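This report concerns only the one structure given below.
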Amino acid sequence: MRRAAIALALLLTSSCDAAPAPPQSAPSRPVETRGLNGAVLADTMAQARRLPRIRSLLILRDGEVLAEQRFNGGPPLDSPVNIKSASKSVLSALVGIAIAKGVLTGVDQRVLSVLDSDAPPNADPRLARLTVSDLLTMRAGLERTSGENYGRWVSSRNWVRFALACPFVDEPGGAMHYSTGNTHLLSAMLTRASGRDTHELMRDWLASPLGIAIRPWSRDPQGIYFGGNDMLMSPRSLARFGELYRRGGVIDGRRIVPARWIEESWTSRTVSPWSGGQYGYGWFVGTSRGHPLRFAWGYGGQMLFIVPDLKLTVVMTSDSGGARDTGHIAALRKLLDDGIVPAAERGGAR
């Protein structure tokens, strides 16, 4: 550990300022090491410094912060940044808490049991079969509100009604069609079922127990907080949220998220036709060098990686204002797969 700390200190005194790369093969058995290999870590941070779009990198192992660095003029690590679609993983936690509290009845609850007043007249009968699970897994079957349809959706007068009026392109529970409209419907359900706005629920059920701040973010014309996009969290707050999940929903001795919900969320239920990645309840599911990997993924490279058997929580934030750049996402995965995970496998000096 002393060598790793020295290597990292030398590094930090120098300049401080579509699909994930395929996982690399390695033994999948748990690796009993501590810390991070100093030489591998130093090389990884040097590689990160060469990426023009990265803004921060935080690495925690077994709850200990072993690396924190800003790049390319990135904001302070306690300053909120737009985590884009990594918001979907945070919103999934809120849904799990709502189910545990009885605000929602479960993943099989019908969407129209709460949002019936926003359903279109003469709706497709399939709409009545739509469930919370279908929304969480992106298997609603409705035409996407993301991609080429995103602009029309967020320019509409009522985002909830627009999403519910989209034509069906598949059966509910069918293939995955990634759509932020799905998670916005979840935000609307939480708001209507609880009588409280999503930010208030987020503050009381998640942020305050974690000791972090989640500032108000954008809302639709009816005042419903954007579900699954544009949430504002600092890199350190996102790491704290990741630690909550890595620890099975308990942090500082307090149960915040049901352990069963984390297990269910991290169970693969579908496959993205775009990235080929497996997806659960708002989380991507995969491997890194043979180790189970669970991650939140936001546009432009807002990443929260959790490698449970190595006790790793890793946050990477990036410039979210540029054009889509799959090369940058692959470079971030390379930092994880070829740098951070090997550094943990080897461990630091004892």
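The values are calculated or read from the model by the stated rules, or taken from the named source; none is laboratory data. Keep in mind that what you see is a predicted model, and the values were worked out from it rather than measured. When we count neighbours, we look across all protein chains shown, and the Cβ atoms used for this are built from the backbone with ideal geometry, even at glycine. With ligands, DNA and RNA removed, areas are computed over all heavy atoms of the protein, side chains included. Shrake-Rupley method; radii C 1.70, N 1.55, O 1.52, S 1.80 Å.
Tally time: how many residues in region 113-123 are surrounded by fewer than 18 Cβ atoms within 10 Å (Cβ to Cβ) and either closer than 19 Å to Gly228 by Cα or of a type in the set (A, V, I, L, M, F, W, C) (or both)?
Here is the first cut: in region 113-123, the residues surrounded by fewer than 18 Cβ atoms within 10 Å (Cβ to Cβ) are 113, 116-117, 120-123.
Filter once more, keeping what is either closer than 19 Å to Gly228 by Cα or of a type in the set (A, V, I, L, M, F, W, C) (or both): 123.
Residues that pass the stated criteria total 1.
For Phe162, only one of the following conditions fails: (1) over 21 Å from the mean Cα position of the chain (by Cα); (2) surrounded by fewer than 18 Cβ atoms within 10 Å (Cβ to Cβ). What is its number?
All conditions pass for Phe162, except number (2).
Ala19: of a type outside the set (Val, Ile, Thr), under 23 Å from the mean Cα position of the chain (by Cα) and at pLDDT below 95, yes or no?
Details: of a type outside the set (Val, Ile, Thr): yes; under 23 Å from the mean Cα position of the chain (by Cα): yes; at pLDDT below 95: yes.
Yes.
For Gly223, indicate whether it is in a loop (DSSP other than H, G, I, E, B) and under 16 Å from the mean Cα position of the chain (by Cα).
Details: in a loop (DSSP other than H, G, I, E, B): yes; under 16 Å from the mean Cα position of the chain (by Cα): no.
Against the criterion (in a loop (DSSP other than H, G, I, E, B) and under 16 Å from the mean Cα position of the chain (by Cα)), Gly223 does not qualify.
Just one of (1) more than 14 Å from Ser92 (Cα to Cα); (2) in contact with a Phe, Trp or Tyr (Cβ under 9 Å, 6 or more places away or on another chain); (3) open to solvent by less than 30 Å² (accessible area, probe 1.4 Å) trips up Glu243, so point out which.
Looking at each condition in turn, Glu243 falls short on (2).
Kindly provide the set of residues from region 214-255 that are of a type in the set (A, V, I, L, M), in contact with a helix residue (DSSP H, G or I) (Cβ under 8 Å, 6 or more places away or on another chain) and under 30 Å from Gly147 (Cα atoms), ordered by number.
Across region 214-255, the qualifying residues are Ile214, Ile224, Met231, Met233, Leu238.
Which members of region 205-240 meet the condition of being small (Gly, Ala, Ser) and open to solvent by less than 20 Å² (accessible area, probe 1.4 Å)?
Ala207, Gly227, Gly228, Ser234, Ser237, Ala239
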